[in-house]
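The values are calculated or read from the model by the stated rules, or taken from the named source; none is laboratory data. As the structure is a computational prediction, the values presented were derived from the model and not from experiment. Note: ideal-geometry Cβ built from the backbone for every residue, glycine included; neighbour counts use all protein chains shown.
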Amino acid sequence: MAIPIDLRRDAAHSLQEQIYTQIRGLILNGRLATCARLPSSREMARDLGVSRNTVLHAYDRLKNEGYLDSQDNAGIFVSNAIPDQCLDYVADRRALRSFDREPPRRPDLRLEVTAPANVHLDRARARIDFWYGRFDRRNFPLNTWRRLINENLSRAGSNLSEYGAPAGCHELRKAVSSHLGTTRGMNAPADRIIITAGAQDGLNLVCRLLVQQGQKVAVENPCYGSAALLLKSYGAELCPVPVDHLGLRVENLAATHASLVYVTPSHQFPTGVTMPLERRHRLLDWAEKANSFVIEDDYDSDFRYDSPPLTALAGIDQYDRVIYVGSFSKSIGPGVRVGYLVLPEVLVQPALALKSLSSYGQPWLDQIVIADFIESGGYRNHLRKLRHRYHESRDALVAGLRKFFGPDADFSGDGCGMHILWRLPNGIKAADLVVAASKVDVGLYSFESVGAYEVGDSNLRKNSLVLGYSTLSPVEVTEGIGRVAAAVKSLAA
């Protein structure tokens, strides 16, 4: 049987590639029917005037991809099931619904779920933008990352072709354990660490594990909106507990009868205040007496400027009540999507069982690269550089507020993190200043736009702004606050 194949010796593609492509095309357009017999490799080579190996390689490729079958001593045949036919959807016209009919009714959902506003994702940016918590892409350790990826690809073995442990790569859990021991004063064994796809994924796992419909959960008031909405999505009844200049007011917890509390003690969101050691101990005492767990979200604790960081709640917890939530989103970049939980011993196995139901672990390559980054000391150097840059921008922000708004300018949270809360001068409303600043190409953000959640109609919400500085140079910060001062004067006038 002769097959119509036209080989061009001067073509860009090799002879082997031309034979493969033309036979595949003949099969797909039906000119070579299923189960049709092809010439032997010797015959094909003689007819085309090429070496037998050229034909053999083309045939082998077509066999490997499922276009040809080789039957013992009987020859080579076109396969019964052509791969491309198995990939393409063939519409059954009788099953197509007429779109002239009414759309189907929405099913009754167990809960109405509200997604947090992510105004930072799809919006035109001001030239000087004070959005909070952003990671500057210029700070990503790209050269180191590329090198570590290449090194680990060369020794990947079966790690890219096998499922990993649901808890995460052991090397990364061990590296996180070491890092937390040094920087947060925690005794966090690797077998109590679960790797997640960022902090929000970790919170989701905790909620699925512990939150039931109607359960009372205490939250800071105001607090991080994405956590509050997530808790509500699982049916929690949120019990707001006020925040003062020392963080969550622990004395108000007893009245909530809550079995779970969510806190950001190192840099409270959005006020930025830090919970002192004495109050941390009182919070842990309450958790033990109330038989409750504490979720500690330590979202930007790597950045402290004027003093060493306080030991994490989980580091002073003698009752094994703290669930620690951490992430590399603020320190390496949110696009990496790697975070972690450190769990009380009693919760580890139930959490792993749930984790196995939702995913079979995070991508191995991302995890091993971060593990090597930490173990090599590169991560520590990276954090040192970020702290220095953020420190300079923080200093420029504090100096600018005092220069343009007086030495008594009212702000909090400047000791650490990536943002401060600025209480505006008397008579200036946050919503009005956001609009006025946008006219001079400065991005300012109110409570609602940064995703802060607050119960009640407080003056803090109306008269405060969250100022982030992690992507701004000191020069940009100073210029931006100068423009804001001009906008404030125009509003006052």
Complete set of residues in the stretch 389-432 that are farther than 17 Å from VAL477 by Cβ and among the aliphatic types (A, V, I, L, M):
LEU424, ILE428, ALA430, ALA431
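I'd like the full set of residues that are among the polar types (S, T, N, Q) and modelled with pLDDT of 95 or more, limited to the stretch 181-199. Reasoning before the result, please.
First pass over the stretch 181-199, keeping only residues among the polar types (S, T, N, Q): 182-183, 187, 196.
Scanning the stretch 181-199 gives a single hit, THR196.
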Output for Cβ contacts, cut-off 8 Å, separation at least six or different chains, first residue surrounded by 15 or more Cβ atoms within 10 Å (Cβ to Cβ) in the stretch 209-221, second aromatic (Phe, Trp, Tyr) and in a strand (DSSP E or B), reads LEU210/PHE293; VAL217/TYR262; ALA218/TYR262; VAL219/TYR262; VAL219/TYR453; GLU220/TYR262
Could you please find all residues in the stretch 213-237 being within 18 Å of GLU296 (Cβ to Cβ) and part of a strand (DSSP E or B)?
VAL217, ALA218, VAL219, GLU220, ASN221, CYS223, TYR224
Checklist (1) without any contact (Cβ under 8 Å) to a residue 24 or more places away in the chain; (2) under 22 Å from GLY335 (Cβ atoms) applied to PRO189, failing item:
(2)
Residue among LEU472, LEU491, LEU401, LEU433 that is of a type in the set (A, V, I, L, M) and under 27 Å from the mean Cα position of the chain (by Cα)
LEU472
ILE295 meets each of (1) free of Cβ contacts under 8 Å to residues at least 60 places away in the same chain; (2) buried (at least 20 other Cβ atoms within 10 Å of the Cβ); (3) farther than 17 Å from THR183 by Cβ with one exception, condition (1)
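Kindly indicate whether ARG304 is of a type in the set (D, E, K, R), more than 28 Å from TYR445 (Cα to Cα), touching a strand residue (DSSP E or B) at 6+ places or on another chain (Cβ under 7 Å) and touching a residue at least 12 places away in the same chain (Cβ under 8 Å).
The answer is no for ARG304.
Given VAL217, VAL211, VAL176, VAL206, which one is within 30 Å of PRO344 (Cβ to Cβ) and more than 23 Å from the chain's Cα centre (by Cα)?
Numbers: VAL211 fails: more than 23 Å from the chain's Cα centre (by Cα); VAL176 fails: more than 23 Å from the chain's Cα centre (by Cα); VAL206 fails: more than 23 Å from the chain's Cα centre (by Cα).
Only one candidate qualifies: VAL217.
Would you check if ALA287 is within 20 Å of the chain's Cα centre (by Cα) and among the hydrophobic types (A, V, I, L, M, F, W, C)?
no
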The condition from (1) free of Cβ contacts under 8 Å to residues at least 40 places away in the same chain; (2) crowded, with 24+ Cβ neighbours inside 10 Å that SER327 misses is numbered (1)
Which numbered condition in (1) surrounded by 14 or more Cβ atoms within 10 Å (Cβ to Cβ); (2) among the acidic types (Asp, Glu); (3) part of a loop (DSSP other than H, G, I, E, B) is the only one that ASP10 fails?
(1)
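May I ask you to verify whether ARG279 is basic (Lys, Arg), touching a helix residue (DSSP H, G or I) at 6+ places or on another chain (Cβ under 8 Å), farther than 28 Å from ASN459 by Cα and in contact (Cβ under 8 Å) with a residue 12 or more places away in the chain? First the steps, then the outcome.
Details: basic (Lys, Arg): yes; touching a helix residue (DSSP H, G or I) at 6+ places or on another chain (Cβ under 8 Å): yes; farther than 28 Å from ASN459 by Cα: no; in contact (Cβ under 8 Å) with a residue 12 or more places away in the chain: yes.
No; evaluated as a whole, the condition is false for this residue.
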Filter the stretch 52-80 down to the residues that are among the hydroxyl-bearing types (Ser, Thr, Tyr) and not in a helix (DSSP H, G or I), then identify the one that is farthest from the chain's Cα centre (by Cα).
SER70
Could you please find all residues in the stretch 148-168 being part of a helix (DSSP H, G or I), among the hydrophobic types (A, V, I, L, M, F, W, C) and closer than 12 Å to GLN367 by Cα?
LEU148, ILE149
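Among LEU421, LEU472, LEU444, LEU467, which is within 25 Å of ASP136 (Cβ to Cβ), touching a His at 6+ places or on another chain (Cβ under 7 Å) and not assigned by TED's automatic domain parsing to the domain that holds GLY272? I'd like the intermediate steps shown before the answer.
Numbers: LEU421 fails: touching a His at 6+ places or on another chain (Cβ under 7 Å); LEU472 fails: touching a His at 6+ places or on another chain (Cβ under 7 Å); LEU444 fails: touching a His at 6+ places or on another chain (Cβ under 7 Å).
Only one candidate passes the filter, namely LEU467.
Every residue, every condition in (1) buried (at least 21 other Cβ atoms within 10 Å of the Cβ); (2) under 13 Å from VAL466 (Cα atoms); (3) touching a Pro at 6+ places or on another chain (Cβ under 9 Å), yes or no:
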{"residue": "ALA396", "(1), (2), (3)": "yes, no, yes"}
{"residue": "GLY406", "(1), (2), (3)": "no, no, yes"}
{"residue": "ASP414", "(1), (2), (3)": "no, yes, no"}
{"residue": "TRP422", "(1), (2), (3)": "yes, yes, no"}
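Please determine, by comparing only the residues of the stretch 253-266 that are surrounded by 15 or more Cβ atoms within 10 Å (Cβ to Cβ) and not hydrophobic (A, V, I, L, M, F, W, C), which one is farthest from the chain's Cα centre (by Cα). Outline the logic, then answer.
Of the stretch 253-266, the ones surrounded by 15 or more Cβ atoms within 10 Å (Cβ to Cβ) are 253, 256, 258-266.
In the following step, the residues that additionally are not hydrophobic (A, V, I, L, M, F, W, C) were identified as 256, 259, 262, 264-266.
On the way: THR256: 32, SER259: 28, TYR262: 19, THR264: 18, PRO265: 21, SER266: 20 Å.
By that ranking, first place goes to THR256.
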Name the single residue, out of those in the stretch 362-385 being outside any helix (DSSP H, G or I) and without any contact (Cβ under 8 Å) to a residue 40 or more places away in the chain, that is nearest to the chain's Cα centre (by Cα).
PRO363
Taking the conditions exactly as written (charged (D, E, K, R) and at negative phi), does ASP414 satisfy them or not?
yes
